[in-house]
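Encoded as structure tokens, the structure appears first; notes follow it.
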Amino acid sequence: MKDSTRVVIIGGGVVGASVLYHLAKIGWSDAVLLEKSELTAGSTWHAAGGMHTFNGEANISRLQKYTIDLYREIEALSGQSCGLHPNGGLMLAASQGELDSLKLICSRARYLGMETEMITLQEAQRLNPLIDTSHFIGALWRADGGHCDPSGTTHAYAKAARQLGASVERHTRVLSLEQRRDGSWNVLTDKGTIHAEHVVNCGGLWAREIGHMVGIELPVLAMEHHYLLTEDIPELAGRDREIVNTTDYAGEIYMRQERGGALIGTYEPHGIVWSPVKTPDDFSMQLLAEDFERLAPYFEVGFRHFPALGRAGIRKAVNGPFTFAPDGNPLVGPVRGLRNFWVACAVMAGFSQGGGIGLVLSRWMAENDPGQDILSMDVARFGAFATPKYTSIKVPENYSRRFRLAYPNEELPAARPVRRSALYDKLTAAGAVMGANFGLEHALWFAPPGVPPTETPTYRRSEAFPHVRAECRAVRSAVGLYETTNYGKYEITGRGARAWLDRVFASRIPGPGRIGLAPMLNPAGRIVGDLSIACLQEDRYLIMGSGFAEEFHLRWFWSSDPPPDVFVRSAASTLGGVSIAGPRSRDLVQRLVRSDISAASFKLFHVRETAVGYAPAVLMRAGFTGELGYEIWTTPDYLLSLYEDLWEAGRDLGLTHFGGRALSSLRLEKGYGSFNKDFRPDYTPGETGLDRFVDFDKAEFTGRAAALRERASGPKRRFIVMEIQDADTEVIGYESIMKDGQAVGYVTSGAYGHCVGRSLAAGYVPAALARDGARFEIDILGEMRTAIARFQPLYDPHGERLRS
Ligand SMILES: Cc1cc2nc3c(=O)[nH]c(=O)nc-3n(C[C@H](O)[C@H](O)[C@H](O)COP(=O)(O)OP(=O)(O)OC[C@H]3O[C@@H](n4cnc5c(N)ncnc54)[C@H](O)[C@@H]3O)c2cc1C
């Protein structure tokens, strides 16, 4: 074994092997993979090898397609077969909700360039004659996917990587990791120490323990998983091709052909966590004890839906562990506070995702940028809230829902409520239906007295629709209160704060008493943040952004090297807030503030430290509704008093609660995009329209060169808001935007505009097609709807109400 290398990858499962291959391919061939046992010895060797491109997140779907397409490349390079069976996929629906979900997948697939089609049950049965169609109402067929040989695929990656100069050391166990002063690592193994500039944790079942070696607690946990292999099935004899891999949502079953028989697996509702506290050191290439009694009822559903399986004998049962993050997506990327330490773990679908993970991680390491938006698998989507207890409750919930459809209006109940603001009890008493964002409870909408605070999961308009409408109208006609504690909040202080912010943000940094809208770019000129900066004093700033991105932004700030005279601190738990919005909001706030906040003296984007009722507060004139509005921030111990004061003072002004759903409607009526949904690291200032906040005259800021290049050449695509004609339900996200039968772009968010009386969708189309009034088509749950681009906000186009 060498004693020094650029990168050590810990773990020789399919993910570690893919990372090794991709690093070698990008030119970092001085890389060593350390495997304590044999390659594949964790969860990889006993996987069922199924592969597909289905994921609720378009970017992950794209990476899954990349993974599947890559297998031919590594086969050719390595001479090692991946044992590919590219026989495509079938998805079966048994309820209207499941059918809607399949239609949504079809609409999304067009822009992703994936061959997908709704087919009849008769056609489905031709592709898989084992289906008893009487249990189903619809089917989707997709060309991509199939299955591969897990061992062959892992060895193909490793051999291809070796050919590019990388190396693999088997039977070499990493015992501990020590960081040197320069940020590089001493990797201590049972075969000696190897010095590495970077370390990647691809430890699979042991990723948690490798995290402990560097003092972090990764939110990852293993679950037991069963599948069965049947004896030969007479119905399959003599067929000239394999049946198509089939997913049965109602039965929570997947099945495919395995030689002359079938493989059938289930994700049961009460799954068993494996090794909840510590993964045994000596576990390797072992299976777990079968538990038929527990699983029989679930497999029996499968035997009813695919009766030939029930008639065939069981040849073999496999029970093996594999890992999950609380939301089921992988954990990838650098970890805040740890230089040169990377993770690629919690990968539950290694044969669909391993290649894509290797691709983005290798770029991230070599080029300091993953090259595309991967927020949904970024390790930074979890923060301190994802404690071991949280993970131990969320992972089994996710497992039990692996084959259940995620409805867009559905909030998962496990591990809730955990993070609660001081207003939680007040809001729930007022009928709030809560969601959780970064673990924190926040109001989605309010059920009026007599209406149950619950909502049926659906892809269509729910029973919340009229109540959200009432909230929107109250904001536009009088005044509403929305809790903003779930925003991301940061305090930047110190003598060097302004100079540092000037370098990190693309915008002009506001002077004392002012707020500025502040895009943040990566070196490639893509949007990594759309925040607002309030300057309280020359050396004291409050920054507000998306709550979902709190850890992501903290990591970005940390990696932007704040000098010793700059202090960056999360205010997530030290500030709470409310937004007061609507034409009567000034009347309300003025009742609680001694100083003059008239239109002339406290203008839009002004900020002031002042008492609001009992509460010492930061008062901002800002908001996201397009109405006259204020954000009021105070410490958690005053938040309840602030709320009570506002409520008392606002009663006769018509003060009404509003929630996140109403906010989505109000902001789209104004054409405002939102970070995470509409603005993500795939897009540029020119594409998003955030270029109007970029200060191109500044001598230096991250992403400047790329932003200038884009300004010179013009953006390739543009963010637009469209009104949908004749819609009876709203877009959800990632539906393809069609023009003359071609998919030209996709939807990023949507809502019904209750105060303009139209269904609205936001998304990106090529710049050449982005004209005011341009007509597109969007397939919304199987119905083609006309979508008309509207360049002017549909509500208050000149911003008079906002500035009033
Ligand atoms: C029954 C079953 C069926 C499945 N079916 C599918 C399927 O159909 N499709 C699909 O895509 N996925 C499937 N999976 C999931 C798939 O197996 C995982 O996604 C994949 O194996 C994860 O690979 P990995 O490389 O992250 O982890 P692992 O395979 O666990 O690899 C981690 C490696 O790290 C090594 N290691 C750990 N600690 C150290 C150390 N300290 N020093 C050196 N080496 C170390 C281990 O020995 C191990 O080889 C299935 C899993 C199971 C259990």
Quick one: putting +1 on the C-beta of Lys and Arg, -1 on the C-beta of Asp and Glu, what dipole do you get for the chain around its Cα centre, in Debye to the nearest 20? 1620
Taking a point 7 angstrom from the Cα of Arg294 along the C-beta vector, which residues in the stretch 301-340 have backbone N less than 12 Å away? 319-321
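Tell me, rounded to the nearest percent, the portion of alpha carbon pairs in the stretch 339-478 spaced more than 18 Å apart.
Details: 6694 of 9730 pairs.
Value for the stretch 339-478: 69 percent of Cα pairs lie more than 18 Å apart.
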Specify the angular offset, from 0 to 90 degrees and rounded to the nearest 10, of the alpha carbon long axis of helix 550-559 from the longest principal axis of the alpha carbons in the chain. 90
Applying a 10 Å radius around every beta-carbon, put 665-678, 42-55 in order of their mean neighbour count, most first. 42-55, 665-678
Mind checking the alpha-carbon convex hull of the stretch 639-699 and giving the volume per residue in Å³? 181
Using C-alpha positions alone, give me the convex hull volume of the stretch 430-569 per residue in cubic angstrom. 150
Accessible area per residue of the stretch 105-149 at 1.4 Å probe, in Å²? 41
As a test of understanding, state the convex hull volume per residue of the stretch 37-191 from its alpha carbons, in Å³. 175
Distribution of pairwise C-alpha distances over the stretch 147-212, 5 Å bins, in %: 4, 14, 18, 23, 20, 13, 6, 2, 1, 0
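For the stretch 737-781, what is the convex hull (Cα atoms) projected area averaged across all directions, in square nanometres?
Values: hull surface 14.6 nm².
Mean projected area for the stretch 737-781: 3.6 nm², to one decimal.
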Eigenvalues of the alpha-carbon gyration tensor of the stretch 307-414, times 5 and square-rooted, give semi-axes in Å, largest first, of 30, 19, 14
So how far apart, in nm, are the two label points at Glu73 and Asp697 if each is 7 Å from Cα heading toward Cβ? 4.6
Which peptide among 593-602, 497-506 comes first, and what is the full order, when sorted by highest mean count of other Cβ atoms within 10 Å? 497-506, 593-602
0 to 90° range, to nearest 10: angle between helix 660-669 axis and the chain longest Cα axis: 70
What is the percent carbon and sulfur in the accessible area of the chain, measuring with a 1.4 Å probe over the protein chains and ignoring ligands? 49
With the charge dipole of the chain built from beta-carbon charges (+1 for Lys and Arg, -1 for Asp and Glu) about the Cα centre, the Cα from Pro129, Ser598, Tyr638 projecting farthest to the positive end belongs to Ser598
Working from the pairwise distances between different alpha carbons, so that the mean of 1/r is found and then inverted, what is the stretch 242-340's Kirkwood radius in Å? 16.4
Note down the nm distance, to one decimal, between modelled labels 7 Å out along Cα→Cβ at Asp132 and at Arg591. 6.5
For Ala262, enumerate residues with amide H under 5 Å from its amide H, sequence gap 5+ or separate chain, H modeled in the peptide plane. Thr230
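For Leu628, what is the net charge nearby, where nearby means another residue's Cβ is under 14 Å from its Cβ and Lys, Arg count +1, Asp, Glu -1? It would help to have the intermediate numbers written out before the result.
Values: positive: Arg476, Arg584, Arg586, Lys603, Arg621, Lys670, Arg801, Arg803; negative: Asp587, Glu627, Glu631, Asp796, Glu800.
It works out to a net charge of +3.
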Quick check on my link table: of Lys159/Lys394; Lys677/Lys716; Lys489/Lys603; Lys670/Lys716; Lys2/Lys36; Lys191/Lys394, which ones sit more than 26 Å apart, alpha carbon to alpha carbon? Lys159/Lys394; Lys191/Lys394
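Around Tyr424, with a cut-off of 15 angstrom between Cβ atoms, what is the net charge of the other residues, counting Lys and Arg +1 and Asp and Glu -1?
Numbers: positive: Arg416, Arg419, Arg420, Lys426; negative: Glu411, Asp425, Glu441, Glu483, Asp637, Glu644.
That sum, taken over residues with Cβ under 15 Å, equals -2.
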The stretch 1-128: translational diffusion in µm²/s, Stokes-Einstein, Kirkwood Rh over Cα pairs, 4 °C, 1.567 mPa s: 74
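Calculate, for the stretch 418-500, the solvent-accessible area per residue in square angstrom, rolling a 1.4 angstrom probe over the heavy atoms of the protein chains.
Values: 3210 Å² over 83 residues.
Result: 39 Å² of accessible area for each residue.
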Please turn the phi angles of the stretch 578-592 into ³J(HN,Hα) values with the Karplus equation 6.51 cos²θ - 1.76 cosθ + 1.60 (θ = phi - 60°), one per residue in order, whole Hz, x for glycine and proline. 9, 10, 10, 9, x, x, 9, 5, 5, 4, 5, 5, 4, 5, 10
First measure r as the distance between the Cβ atoms of Leu708 and Arg311, then evaluate 1/(1 + (r/R0)^6) with R0 = 56 Å and state the FRET efficiency to the nearest 0.05. 0.25
Using alpha-carbon coordinates, inclination of helix 636-650 to the longest axis of the chain, degrees: 50
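Could the peptides 13-24, 550-561, 437-448 be put in order, highest first, of the mean number of other beta-carbon atoms found within 10 Å of their residues? Show your work: numbers first, answer last.
Working: 13-24: 31.0, 550-561: 19.2, 437-448: 21.8.
Peptide ranking by packing, descending: 13-24, 437-448, 550-561.
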Base-10 log of normalised Debye intensity for the stretch 111-194 (one unit scatterer per alpha-carbon) at q = 0.11, 0.12, 0.15 Å⁻¹: -0.65, -0.69, -0.78
Using θ = phi - 60° and Karplus 6.51 cos²θ - 1.76 cosθ + 1.60, couplings along the stretch 625-631 (whole Hz; Gly, Pro as x): 9, x, 9, 3, x, 9, 10
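For the chain, what D do you get in µm² per second when you plug the Kirkwood radius from alpha-carbon pairs into Stokes-Einstein at 10 °C and 1.306 mPa s? Could you put the intermediate results ahead of the total?
Working: Rh = 27.9 Å.
Roughly 57 µm²/s, to the nearest whole number.
How much length is gained if the chain between Ala599 and Thr454 is pulled fully straight, taking 0.36 nm per residue apart and subtracting their Cα-Cα distance, in nm to one decimal? Working shown, then result.
Numbers: separation 145, 0.36 × 145 = 52.20 nm, distance 4.02 nm.
Stretched fully, the Ala599-Thr454 segment lengthens by 48.2 nm.
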Take Phe567 and His171, extend 7 Å from each Cα along the Cα→Cβ direction, and tell me the distance between the two endpoints in nm. 5.5
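The values are calculated or read from the model by the stated rules, or taken from the named source; none is laboratory data. Everything numeric here is computed off the predicted structure, so don't read it as measured data. With ideal geometry, Cβ positions are generated from the backbone for all residues, glycine too; neighbour counts draw on all protein chains shown. Just so you know, the surface numbers come from the protein's heavy atoms only, side chains and all, with ligands and any DNA or RNA stripped out. Shrake-Rupley method; radii C 1.70, N 1.55, O 1.52, S 1.80 Å.
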